[in-house]
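For reference, the structure discussed in these notes is given below.
Please treat every number below as a calculation from the coordinates, not as lab data. Because the structure is predicted, anything quoted here is derived from the model rather than measured. Counting neighbours? That spans all protein chains shown, and the Cβs are built from the backbone with ideal geometry, glycine included.
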Amino acid sequence: MRKCNKIISIIFAIFCIISISSSAFADSIHVLKENPPNNTFTGDFEISGANPPGRNADIHNLSLSSYNYQAKNMGYRLYTSKWLKGASSIKITVRNWKLLEFHGGKSNQLDLIVYNSSKKPIKSKTITINGTSASTTISGLPSSSKYYICFQVPTNGNRYSYNGTISKNN
């Protein structure tokens, strides 16, 4: 019986060592995600997220200040990481537009889609970036309700980085 317990203890110890070492090895490989996580803040720029803001995400009031955003490595679609409100007309500015990888097709087109709190699209606009910057306005938004912006490029495999601001259009 003692021998059986000893064998079981040894097998259990080997199993624990194997599972710990394999998980440690797996943790040392960093899987890079296409988009940074939501609610990441670096300096004055909010990094856009791979998903729309959650129900309890922070709200940025555009009547008080502009919303600065940054897309570090975009392949198809990014969202503002916070809900926006406080402006019925907004100006979206794109700066430092850079093509990181080119696989064909259009490389200077950006779709801007505004979604309401029910996650339904309410406004959209397509802009063409000439050089490294562009801006546009979107009007007819519910200033007292929250909404968010989706930034979307054609699905051609191209990758981009850019930053900019969303502000109340005076």
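Karplus-based coupling profile of the stretch 158-170, in residue order and whole Hz: 5, 10, 9, 9, 5, 9, x, 9, 10, 9, 5, 8, 7, with θ = phi - 60° in 6.51 cos²θ - 1.76 cosθ + 1.60 and x standing for Gly or Pro. Close amide H pairs (under 5 Å, H built 1.01 Å from N) link Asn169 with Ser89, Ile90, Lys91, residues at least 5 positions away or on another chain. The H on the amide N of Leu84, modeled in the peptide plane, is under 5 Å from the matching H of His60, Tyr147, Tyr148, each at least 5 residues off or on a different chain. Applied to the stretch 69-79, the Karplus parametrisation 6.51 cos²θ - 1.76 cosθ + 1.60 on θ = phi - 60° returns per-residue 3J(HN,Hα) values of 10, 8, 10, 8, 7, 9, x, 8, 8, 9, 10 Hz, with x for Gly and Pro. Think of each Lys and Arg Cβ as +1 and each Asp and Glu Cβ as -1; about the Cα centre, that makes the dipole of the stretch 46-170 roughly 200 debye.
Among 103-116, 156-169, 67-80, the peptide with the highest mean count of other Cβ atoms within 10 Å heads the list, and the full ranking is 67-80, 156-169, 103-116.
The label-point distance for Thr137 and Leu99, in a model that sets each label 7 Å from Cα toward Cβ, rounds to 3.1 nm. Counting Lys and Arg as +1 and Asp and Glu as -1, what is the net charge of the other residues whose Cβ lies under 14 Å from the Cβ of Lys85? Here the charged neighbours net out to +2.
Phi angles across the stretch 94-103 convert, under the Karplus curve 6.51 cos²θ - 1.76 cosθ + 1.60 with θ = phi - 60°, into 3J(HN,Hα) values of 10, 10, 6, 5, 9, 7, 8, 9, 10, 10 Hz, Gly and Pro given as x.
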